[in-house]
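The values are calculated or read from the model by the stated rules, or taken from the named source; none is laboratory data. Since this is a predicted model, take the numbers as computed values, not measurements. Glycine also receives a Cβ, built like all others from the backbone with ideal geometry; neighbour counts cover every protein chain displayed. What goes into the accessible areas is simple: the full protein's heavy atoms, side chains included, and nothing from ligands, DNA or RNA. Shrake-Rupley method; radii C 1.70, N 1.55, O 1.52, S 1.80 Å.
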Amino acid sequence: LSYRRVNVFPRSFELTRKDSLARNVHRMAERFGKRDCGFLPEAFCLPQERDMLRAACARDTETGVSRTWIVKPAMASCGR
């Protein structure tokens with residue numbers, strides 16, 4: 001339909017997708033420090049960061065910490 005307009009900003013998924021947001025905040029924390037970017041819980045984008053997740057689980061096992069991990073597939077629900 002010619003009367004419809006779509007209001008989409010280029011690359012807006014960098015803020016709206018969970019995996020992109022986690023990756024971007026992680027990069028900001030590396031650049032500016034955890035003091036300013038430490039508000040997001042520890043997150044991993046699989047399978048790229050599988051080794052980091054395994055290291056975090058091993059660290060929890062060594063320290064006796066028991067955490068619950070939430071798994072959210074990227075783009076699987078498509079807003080539903």
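Taking only the range 8-35 into account, find how many residues are modelled with pLDDT of 85 or more and of a type in the set (Ser, Thr, Tyr).
Counting residues in the range 8-35 that are modelled with pLDDT of 85 or more and of a type in the set (Ser, Thr, Tyr) gives 1.
Taking the stated definitions as given, is Ala74 modelled with pLDDT of 85 or more and either in contact with a strand residue (DSSP E or B) (Cβ under 9 Å, 6 or more places away or on another chain) or surrounded by 10 or more Cβ atoms within 10 Å (Cβ to Cβ) (or both)?
Answer is no for this residue.
Restricting attention to the range 17-61, which residues are among the aromatic types (Phe, Trp, Tyr) and either in a helix (DSSP H, G or I) or open to solvent by 90 Å² or more (accessible area, probe 1.4 Å) (or both)?
Phe32, Phe39 - these are the residues of the range 17-61 that are among the aromatic types (Phe, Trp, Tyr) and either in a helix (DSSP H, G or I) or open to solvent by 90 Å² or more (accessible area, probe 1.4 Å) (or both).
Would the range 36-57 turn up any residue that is at pLDDT below 80 and polar (S, T, N, Q)?
Checking the range 36-57: not a single residue is at pLDDT below 80 and polar (S, T, N, Q).
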